Amino acid sequence: MRLTQGTFSFLPDLTDEQIRAQIEYCLARGWALSIEYTDDPHPRNTYWEMFGAPLFDLRDAAGIMQELNACRATFPNHYIKLNAFDATRGIESLRLSFIVNRPADEPGFGLVRQEGPGRQQRYTTRAYATERPEGKRY
Amino acid sequence: MQDAAMNALSETAGPTENRAFDIHAAFRDSRVADVLAELDRELVGLAPVKSRVRDICALLLIDALRKQAGLSTAAPSLHMSFTGNPGTGKTTVALRMAQILHRLGYVRKGHLVAVTRDDLVGQYIGHTAPKTREVLKRAMGGVLFIDEAYYLYRPENERDYGQEAIEILLQEMENSRDDLVVILAGYKDRMDRFFRSNPGLSSRIAHHIDFPDYTDEELFAIAQLMLDEMQYRLSDAAVETLREYIARRRAQPHFANARSIRNALDRARLRQASRLFARGGPLTQTDLVTIEAQDLRASRVFGAGGNDA
């Protein structure tokens, strides 16, 4: 099952050329980019691990693409996303976040039912991948 | 989609040999002419520098035309080294170079990142590489200007981290040639020694440009440009005094070409201000913009007792 999180997630995966164009758009607006990775695809897993330091003060996409490719080389089978942070006073939050790398095989989520008191049913979703320990999931 | 592909195909297959390329139109379109004219107008002298800039412009334009013709074009290496005495315009030309390369489409953003040893070399083991890479990333799409580059290499200290910075620089100069132009600058003799001890660096720099010292006449023209920019004027007597000042200043130690002239003018402005202040009374616009001979005469260069140069 294909993970859909963040911007563009219902589109086919972006090519490097398209990623570069998105980065240029962010830089033109003065947003700072950062790269994050994880192997836990659960939608409530908001805080992924950051790869390196946030990339402030860059003017061109080349430096970020270089960093992204370094991240892909280190974690070829992880989810990797690019975040664009807007530091404008009053906003000070992410403006754009999109997945740029995903595992070759995404097993998806299972629904777990739990019998509660009375006839109550509790539901939870669980990623099949997280049944294995971190680092061995994909 | 298919039509476009067909067109592209027929274009490459067609008789391209006889197609005429209008170099002048390309020159006009690239707006390089403006930059070159600006270079001529605002930078006095520096003939070898200007001719090299023109050569580079020509090469890049021809390369653009070759690309249109479907001929192979290897991106030329444009790393440069600027050597020359202090105040000969190395930083100014580097800034211009970023604009020119941007207009020619060789660099994508055309900004200049000026750094010195402090910005590249770290303080402890493992600090240098990330620091240097950070700077290189910041300079991507533009020009990295390393002032006084010879400080990177300190042969007297074998554990100096400067060598590491040089190695990373070398590697990136080779790998990210499309993303980055590196300009090293410094005094001639020290740069020569620096290149002799780092032959790898020297061979990766295609353009070694030497900035000659200015003649007295050129320095006077520079002074005129500076005054125009600051909206000041020299009185007729002051023109003669300034010429004399330049000739005398050159003979004294720590002469830094255009920088000395700028300092002299700044001090003349100070003296003009206090002269006007002391005189009191109503001032005309002419008073405000005119620098008199006595403002320059008070300088130490004339041995007139002033305590600054």
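Name the pairs whose Cβ atoms lie under 9 Å apart, with the first residue in segment A:8-28 and more than 18 Å from A:Pro54 (Cβ to Cβ), the second assigned to a loop (DSSP other than H, G, I, E, B) and polar (S, T, N, Q), and 6 or more positions between them or separate chains?
Pairs found: A:Phe10/A:Thr4.
Checking B:Ser51 against (1) farther than 30 Å from B:Arg262 by Cα; (2) at pLDDT 85 or above; (3) in a helix (DSSP H, G or I); (4) under 27 Å from the mean Cα position of the chain (by Cα), which test does it fail?
For B:Ser51, the exception is condition (1).
Give the residue that is surrounded by the fewest Cβ atoms within 10 Å (Cβ to Cβ), with candidates limited to residues of segment B:141-176 that are part of a loop (DSSP other than H, G, I, E, B) and within 14 Å of chain A (Cβ to nearest Cβ). First the steps, then the outcome.
Residues of segment B:141-176 that are part of a loop (DSSP other than H, G, I, E, B), as a first pass: B:141, B:148, B:153-161, B:176.
With within 14 Å of chain A (Cβ to nearest Cβ) added as a condition, the list becomes B:141, B:176.
Details: B:Gly141: 24, B:Ser176: 18.
Once the filter is applied, the top-ranked residue is B:Ser176.
Looking at the structure I just gave you, is B:Gly142 within 29 Å of B:Tyr214 (Cβ to Cβ), within 22 Å of the chain's Cα centre (by Cα) and not polar (S, T, N, Q)?
Working: within 29 Å of B:Tyr214 (Cβ to Cβ): yes; within 22 Å of the chain's Cα centre (by Cα): yes; not polar (S, T, N, Q): yes.
Judged against the criteria, B:Gly142 is a match.
Report every pair of residues separated by at least 6 positions or lying on different chains whose Cβ atoms are under 9 Å apart, first residue within segment B:268-286 and more than 14 Å from B:Leu234 (Cα to Cα) and open to solvent by 70 Å² or more (accessible area, probe 1.4 Å), second assigned to a helix (DSSP H, G or I) and of a type in the set (A, V, I, L, M, F, W, C).
Filtered contacts from segment B:268-286: B:Leu283/B:Leu276.
Hey, does segment A:96-108 have a residue that's within 14 Å of chain B (Cβ to nearest Cβ), of a type in the set (Lys, Arg) and surrounded by 16 or more Cβ atoms within 10 Å (Cβ to Cβ)? Even if it seems obvious, please write down each step before you answer.
At the first step, the residues of segment A:96-108 found to be within 14 Å of chain B (Cβ to nearest Cβ) are none.
No, segment A:96-108 contains no residue that is within 14 Å of chain B (Cβ to nearest Cβ), of a type in the set (Lys, Arg) and surrounded by 16 or more Cβ atoms within 10 Å (Cβ to Cβ).
Just the residues that are acidic (Asp, Glu) and open to solvent by less than 20 Å² (accessible area, probe 1.4 Å), please, taken from segment A:8-62.
Restricting attention to segment A:8-62, the residues satisfying the condition of being acidic (Asp, Glu) are A:13, A:16-17, A:24, A:36, A:39-40, A:49, A:57, A:60.
Of everything in segment A:8-62, those that are acidic (Asp, Glu) and open to solvent by less than 20 Å² (accessible area, probe 1.4 Å) turn out to be A:Asp39, A:Asp60.
Just for helices (runs of 4 or more DSSP H) wholly inside segment B:197-301: which have at least 3 residues that are of a type in the set (Lys, Arg)? Reasoning before the result, please.
Working: elements: B:199-204, B:216-230, B:236-251, B:257-279, B:285-289, B:293-297.
Filter on segment B:197-301 gives B:236-251, B:257-279.
Name the one entry in B:His24, B:His102 that is in a helix (DSSP H, G or I) and surrounded by 13 or more Cβ atoms within 10 Å (Cβ to Cβ). Walk me through it before giving the result.
Details: B:His24 fails: surrounded by 13 or more Cβ atoms within 10 Å (Cβ to Cβ).
That would be B:His102, the only listed residue that is in a helix (DSSP H, G or I) and surrounded by 13 or more Cβ atoms within 10 Å (Cβ to Cβ).
The values are calculated or read from the model by the stated rules, or taken from the named source; none is laboratory data. In this text the structure is predicted, and so the values were computed from the model without any measurement. Every residue, glycine among them, receives a Cβ derived from its backbone with ideal geometry; neighbour counts consider all protein chains shown. Protein only, heavy atoms only, side chains kept; ligands, DNA and RNA dropped before computing areas. Shrake-Rupley method; radii C 1.70, N 1.55, O 1.52, S 1.80 Å.
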